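The values are calculated or read from the model by the stated rules, or taken from the named source; none is laboratory data. Just so it is clear, the model here is predicted, and its values are computed rather than measured. Neighbour counts run over all protein chains shown; Cβ positions are idealised from the backbone, glycine included.
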Amino acid sequence: MTNAAVQNNPELLVSLVADDWEMSEDEDIALVTSRACSSFQDEYSPLMSVRYNMSHVNMEYLREDGRYLHTSPEELAKALARDDLGCHCEEDVYEMLLDWVYYDFDSRRPSFGLLFSSLRLPYIPKSYVDKIIRVETLVRDDPSCYSAVVQYDRLHEKLAQGVTSATRKRYDSVIGAPRVGYTNIQIMVCGGKKTEDLCEIYNPETNAWTQIKSIPEGRSSAGVFVSNDGEVYFLGGEDSLKKQVASSYKFDVKLGEWSEGIVAPGSTRTGGMCCMLDGKVYLAGGLTTEDGYTTAVERFNPESQRWVPVKAMTTPRFGYGCVVLDGFIYVCGGFNGDKDLKSAEFFMPDANEWTSIASMNTARSGCKLVTAEGKLFCVGGWDGTKILNTGEMYDPRSNRWTPMAPMNRARHGLELVSVGNQIYALGGWNGRKPLSSIERYHTRSNQWELLAPMSVGRWLMTAVALPSKDQELVKVVPATPCCQGTGLPSAGLLPVPS
């Protein structure tokens, strides 16, 4: 049976999904899209000129070029329904079709339902659906569009409880898999205070956690980076006896195995932050046995297998945020041995210089920093008097920090991972206990939503996003002794936090 047949027969789509999920039709979630995805074999007409690559339509180029604003609704619907549209997130598709309608609102309003049916609503975060799509007048006034949003809610409820990978694949086979170009990731979490050996993987598609092999030498407050070949390296940190660890280990994502990593840096550090820039590894700040809270920065060249010192930061930083954006290394916040910091600076590798930027609005130690959509996001931490649930966003073009929506939980010593325009906050200390909860922020809706929790409360752990293909990313292994009694299954689902 072809996708086209399903697309043109909504009742058949309802039946298929109801059978697949073992649900009755009135409980069905299939109308989350009003049509299934299909591969369009016929060529475009006026929409595409010879300048467009017919085998892979680039969403960004379409928007910048602007000719889509002058095409017919049928042609635009075909373009937006393609698997190979080349967009990074489905929100871009929604905003593009909205731009087309509002370009000539009165005459194009009747075509909104047709274009909306090309949208793959299941791949849009709920916070964006609730804040942006659900309140749009065009959606509310079109019964089929609003029905799709209601059905989306049913789907989200099921995914919030976690599903197996097999169930998710069956679901994708009916309503369509993510488009080519989507960033499909899993999040690896390793170590932490009192969980030094524990490593597990979060799969956003199934909203479920699985355990992987423990790191050979457990640690908390470690540095992490992903090499150009996709291997994950952990270095430094401290063990369960609070002794600094000099060793480094790498994790082979495809095999699910650990092996020795890179040579140890010149100084052993706890809380040193790592990043990759232009094929080299940078290790900055932290706490050393020799110098205490340090400003020192070292750079590792994989070709020479050597660490060399580079220009130091202007102030010592421990428990701070560090990230690469547009060829520069940005750092902010932290603790310098005397006070919690709100200052921020960036490193220019070609000039070997650090330059100060605008300070944050709030001092933060135990915070984390990520990039999304060309901006910096710093979240959580301790301001000297309380643990924070707040965050702020920095725009390099204006050199200004602006507040973000607060998280659902206050978190110190948390981890932060960005994937496209979404940011995941994991674990942390709330003043009484380590947290197992995680939540996701959507940059365009400015909202957080809670997701399936980790197996146990964790803080001062290390997390990293792992790019994935169609296959399962990491091998799942039986529970190891370090995790016995934690309630962590070797594979399967975990409950949603209260």
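Among the criteria (1) loosely packed, with under 14 Cβ neighbours inside 10 Å; (2) part of a helix (DSSP H, G or I), the one VAL135 does not fulfil is (2).
The residues of region 80-113 that are of a type outside the set (D, E, K, R) and in a loop (DSSP other than H, G, I, E, B), listed by number, are LEU85, GLY86, CYS87, HIS88, CYS89.
Quick grid of which residues meet (1) in contact (Cβ under 8 Å) with a residue 12 or more places away in the chain; (2) of a type outside the set (A, V, I, L, M); (3) buried (at least 19 other Cβ atoms within 10 Å of the Cβ):
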{"residue": "TYR233", "(1), (2), (3)": "yes, yes, yes"}
{"residue": "GLY236", "(1), (2), (3)": "yes, yes, yes"}
{"residue": "ASP239", "(1), (2), (3)": "yes, yes, no"}
{"residue": "LYS280", "(1), (2), (3)": "yes, yes, no"}
{"residue": "ALA284", "(1), (2), (3)": "yes, no, yes"}
{"residue": "GLY292", "(1), (2), (3)": "yes, yes, no"}
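Taken over region 323-342, the criterion of being out of contact with any Phe, Trp or Tyr (no Cβ under 7 Å at 6 or more places or on another chain) and part of a strand (DSSP E or B) is satisfied by VAL324, LEU325.
Residues are listed down the side, and each one gets a yes or a no for (1) more than 26 Å from GLU345 (Cβ to Cβ); (2) over 21 Å from the mean Cα position of the chain (by Cα); (3) without any contact (Cβ under 8 Å) to a residue 40 or more places away in the chain; (4) in a strand (DSSP E or B):
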| residue | (1), (2), (3), (4) |
| --- | --- |
| LEU416 | no, no, no, yes |
| SER445 | yes, no, no, no |
| GLU449 | yes, no, no, yes |
| LEU466 | yes, no, no, yes |
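Can LYS375 be described as assigned by TED's automatic domain parsing to the domain that holds MET461 and surrounded by 13 or more Cβ atoms within 10 Å (Cβ to Cβ)? Steps first, answer last, please.
Working: assigned by TED's automatic domain parsing to the domain that holds MET461: yes; surrounded by 13 or more Cβ atoms within 10 Å (Cβ to Cβ): yes.
For LYS375, the condition - assigned by TED's automatic domain parsing to the domain that holds MET461 and surrounded by 13 or more Cβ atoms within 10 Å (Cβ to Cβ) - is met.
Summed over region 218-238, the residues that are more than 21 Å from SER365 (Cα to Cα) and either part of a loop (DSSP other than H, G, I, E, B) or not assigned by TED's automatic domain parsing to the domain that holds PHE251 (or both) give a count of 6.
Would you mind stating whether ALA312 is small (Gly, Ala, Ser), surrounded by fewer than 21 Cβ atoms within 10 Å (Cβ to Cβ) and within 28 Å of ALA264 (Cα to Cα)?
On the way: small (Gly, Ala, Ser): yes; surrounded by fewer than 21 Cβ atoms within 10 Å (Cβ to Cβ): yes; within 28 Å of ALA264 (Cα to Cα): yes.
Considered against the rule, which asks whether it is small (Gly, Ala, Ser), surrounded by fewer than 21 Cβ atoms within 10 Å (Cβ to Cβ) and within 28 Å of ALA264 (Cα to Cα), ALA312 comes out as yes.
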